[in-house]
Amino acid sequence: MRLKHLLFLLTIVSIEGFNPCPAAEPGIKKLQDAVIYKDDRFYCSFPSVVRRPDGELIVAFRRAPNRRVWGEQKFTHTDPNSYLVLVRSRDDGKTWSTEPELMFAHPFGGSQDPCMVQLDDASILCSSYGWALLNTEAKDVYKIGKFGFLGGFLLRSRDSGHSWQGPILPPATPDQRVMDPFGKPVPAFNRGAMCQGKDGKVYWAVAASSATNRERTETHLMVSPDRGQTWSYSCPIASDSKVTFNETSLYETPKGDLVAFLRTEGFDDHTALGRSTNHGKSFDHWIDAGFQGHPHYALRLPDQRVLLVYGYRHSPFGVRARVLDAECTQPAAAPELVLRDDGGNGDLGYPWATLISDRLVLVVYYFNQGDGTRHIAATFLSIEAKK
């Protein structure tokens with residue numbers, strides 16, 4: 001471990017009043033929580049994080065006006081002024097830029113959930129999706145309240161997130177029944193981590209309306225051979241006549257399996273797992289992972305184990321994690337680590353993680369305390385190889 005990372009660990013653990021959480025797995029300890037970005041004027045949510053080759057950390061998130069300031073009674077996740085923004089840290093997450101940089105403002109509405117993946121050429125690919133504010137005379141489209149769904153899109157940066165090209169519009173999944181305001185099937189969409197396989201292809205789990213019920217979604221696999229510029233449909237990941245699947249993250253194991261960590265509805269908020277053993281040509285039938293929480297992000301640790309982080313929208317509200325074996329074969333048997341249990345309500349979570357060094361992990365998420373300002377927060381973990 002480099003000297004500056006050791007000094008950073010010592011700085012964190014010397015904070016007055018700090019008491020580490022008990023280890024949930026040998027060598028796994030919570031060090032400290034932190035605030036990355038908070039402004040009472042804005043509702044901030046749904047972050048992702050990447051660590052650049054030079055060590056810079058980039059956290060992207062959705063920022064929308066805090067409409068409680070103007071007298072509205074509740075928050076919603078649809079807003080015509082929700083934009084994709086990012087902040088940076090050049091000192092391993094100790095400090096962050098204070099004024100977010102604009103990534104993208106959708107010309108027809110608000111953008112959601114910027115999900116970044118750093119590719120083998122050091123470019124950053126980011127997926128998102130949008131909602132358009134419609135008046136009461138608008139034609140029949142898939143809506144939540146007064147917002148019509150626009151479907152998904154992708155952005156690309158080749159200069160560490162200082163500029164972004166796009167939007168890249170992926171094709172719709174086959175038999176997509178949801179139409180956009182222009183009368184076309186919505187482009188493929190999802191909230192969750194893409195992954196680039198050892199074969200160089202980018203794998204993306206997307207949601208689509210089911211064949212029998214437009215309100216219930218299932219998940220499918222899209223594959224890109226050219227770092228996200230073009231996409232083709234591969235196969236279903238998970239579908240069920242009663243259970244809804246969405247917000248899925250993908251992870252490639254050392255053996256080359258693709259593992260899908262799926263959010264469910266109608267299944268007591270249990271995490272589900274899908275697995276492909278043939279490089280995404282097909283997936284085995286999904287299984288119950290045996291615990292509650294959503295959505296997920298899987299990070300490979302230096303010793304090949306997998307840190308799985310997820311939101312916990314049950315009392316006590318917060319963020320949790322498990323350390324899985326390298327092939328993610330026994331998720332329910334992995335001890336659970338509580339990263340946060342002091343959330344004000346269930347409007348929080350959506351964690352993402354990155355290695356700062358071989359001994360330090362940064363987990364980012366959005367959070368609220370006492371139903372207060374939604375902000376971007378983080379937890380630092382120390383990670384040691386399992387003996």
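No value in this document is a laboratory result; all are computed from the given coordinates. In this text the structure is predicted, and so the values were computed from the model without any measurement. As a convention, Cβ positions derive from the backbone with ideal geometry for all residues, glycine included, and neighbour counts pool all protein chains shown.
Remarks
- Selection of trypsin sites (Lys or Arg not before Pro), the stretch 27-56, meeting DSSP coil and at most 12 other Cβ within 10 Å: ARG41
- Gain on full extension, evaluated as 0.36 nm per residue between GLN32 and HIS162 minus their Cα-Cα distance, stands at 43.9 nm.
- Taking label positions 7 Å along the Cα-Cβ direction at both ASP371 and GLN229, the computed distance is 5.1 nm, reported to one decimal.
- Note on the chain: Cα-only Rg and Dmax are 19.8, 64 Å.
- Measuring r between the beta carbons of ASP342 and ASP40 and using R0 = 22 Å, the FRET efficiency lands at 0.70.
- Selection among GLY93, HIS162, PHE42 by position relative to the dipole of the chain gives HIS162 as farthest towards the positive end (Cβ unit charges, Cα centre).
- Links that overshoot a 32 Å alpha carbon limit, given the list LYS29/LYS198; LYS184/LYS242; LYS146/LYS281; LYS30/LYS201; LYS143/LYS198; LYS38/LYS242: LYS146/LYS281; LYS30/LYS201; LYS143/LYS198; LYS38/LYS242
- When only Cα pairs below 8 angstrom with a gap of at least 6 residues are kept, the chain shows a relative contact order of 15 percent.
- Over all other residues within a Cβ to Cβ distance under 11 Å of ASP371, the charged ones net out to +2, with Lys and Arg as +1 and Asp and Glu as -1.
- Rounded to whole numbers, the Karplus 3J(HN,Hα) couplings from phi for the stretch 179-195 are 9, 7, x, 9, x, 10, x, 5, x, 3, 8, 4, 10, x, 7, 6, 9 Hz, using 6.51 cos²θ - 1.76 cosθ + 1.60 with θ = phi - 60°, and x at Gly and Pro.
- Theoretical FRET efficiency, 1/(1+(r/R0)^6), r = Cβ-Cβ of HIS314 and LYS255, R0 35 Å, to 0.05: 0.55
- FRET efficiency for ALA122 and ASN81, using Cβ-Cβ distance with R0 set to 25 Å, rounded to 0.05: 0.20
- Fewest-first sequence of TYR129, TYR310 by Cβ atoms within 10 Å of each Cβ: TYR129, TYR310
- One decimal place: the segment ILE144-GLU101 gains 12.6 nm when fully extended, by the rule 0.36 nm per residue minus the C-alpha distance.
- Residue order, fewest to most surrounding Cβ atoms within 10 angstrom, among GLU99, GLU72: GLU99, GLU72
- Near PHE61: Cβ cut-off under 11 Å, other residues only, Lys/Arg at +1 and Asp/Glu at -1. The net charge is +2.
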